[in-house]
Amino acid sequence: MLTDPARAWLTAAVTDATARAPVWETHFAAAGRHCGQEQADTARLRLLTAARADAPTLSRLYRHGSSAERRAVLLALPSLVPGPEALPLVEDALRSHDTTLLAAALGPYAARHLPAHLWRHAVLKCLFTAVPVDTVAGLARRAAGDTELARMLRDYAAERTAAGRPVPTDLHRVLALTEES
């Protein structure tokens, strides 16, 4: 819940974003300070939507942004970028060690546009970084009948077992999804 000052700030910031006033990108960066970290994603999404940010703008904000700003850009992709032109942002987040970026990168945009090879590796990365696979949009649909993903999961489970380490519970769940068609 936003405080009254935060709500007033966000209303003014959205007005600037709607008008595409040059200051709106500064508001995007300042959203956490004005709205609180727990409301920052929502505030940033409202700003991006109001500004109708295109792929080049989103790329610039992502490249120059903090982790929180990058996460908001990733969360906004499904509603702002219809085609695959923002995939480089998703791919960058998948290379990151920031699990919040990994989770955000695997939303509906990745479900629609991420090539199978990269998607499989992202699912595996979720397992070894303890990101819940529930964050992977379209998991059941994309995993169904994916024999290569099944092979990768079995190999990973065998490696963990051979090393005397526990196999993530989510692995068995995803493996079961690969057996559906």
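The values are calculated or read from the model by the stated rules, or taken from the named source; none is laboratory data. Quick caveat, the model's predicted, so the values are computed rather than measured. Glycine also receives a Cβ, built like all others from the backbone with ideal geometry; neighbour counts cover every protein chain displayed. Calculation scope for accessible area: heavy atoms of the full protein, side chains included, ligands and nucleic acids excluded. Shrake-Rupley method; radii C 1.70, N 1.55, O 1.52, S 1.80 Å.
Pairs please, first residue from the range 23-37 and without any contact (Cβ under 8 Å) to a residue 40 or more places away in the chain and in a helix (DSSP H, G or I), second anywhere and among the aromatic types (Phe, Trp, Tyr) and open to solvent by 10 Å² or more (accessible area, probe 1.4 Å), Cβ atoms under 6 Å, 6+ apart in sequence or on different chains.
His34/Trp9
Out of (1) open to solvent by 20 Å² or more (accessible area, probe 1.4 Å); (2) touching a residue at least 12 places away in the same chain (Cβ under 8 Å); (3) within 15 Å of the chain's Cα centre (by Cα), the odd one out for Ala116 is which?
Going through the list (1) open to solvent by 20 Å² or more (accessible area, probe 1.4 Å); (2) touching a residue at least 12 places away in the same chain (Cβ under 8 Å); (3) within 15 Å of the chain's Cα centre (by Cα), Ala116 breaks only (3).
Considering only residues that are open to solvent by less than 60 Å² (accessible area, probe 1.4 Å) and either in contact with a helix residue (DSSP H, G or I) (Cβ under 6 Å, 6 or more places away or on another chain) or among the small types (Gly, Ala, Ser) (or both), which ones fall in the range 125-135?
Cys126, Leu127, Thr129, Val131, Val133, Thr135
Give the number of residues within the range 122-181 that are charged (D, E, K, R) and either closer than 22 Å to Thr100 by Cα or within 17 Å of the chain's Cα centre (by Cα) (or both).
5
Determine if the range 140-156 includes at least one residue that is buried (at least 16 other Cβ atoms within 10 Å of the Cβ), farther than 11 Å from Leu124 by Cβ and small (Gly, Ala, Ser).
Yes, some residue in the range 140-156 is buried (at least 16 other Cβ atoms within 10 Å of the Cβ), farther than 11 Å from Leu124 by Cβ and small (Gly, Ala, Ser).
Could we say that Leu101 is under 20 Å from the mean Cα position of the chain (by Cα), open to solvent by 30 Å² or more (accessible area, probe 1.4 Å), closer than 30 Å to Ala76 by Cβ and touching a residue at least 12 places away in the same chain (Cβ under 8 Å) here?
no
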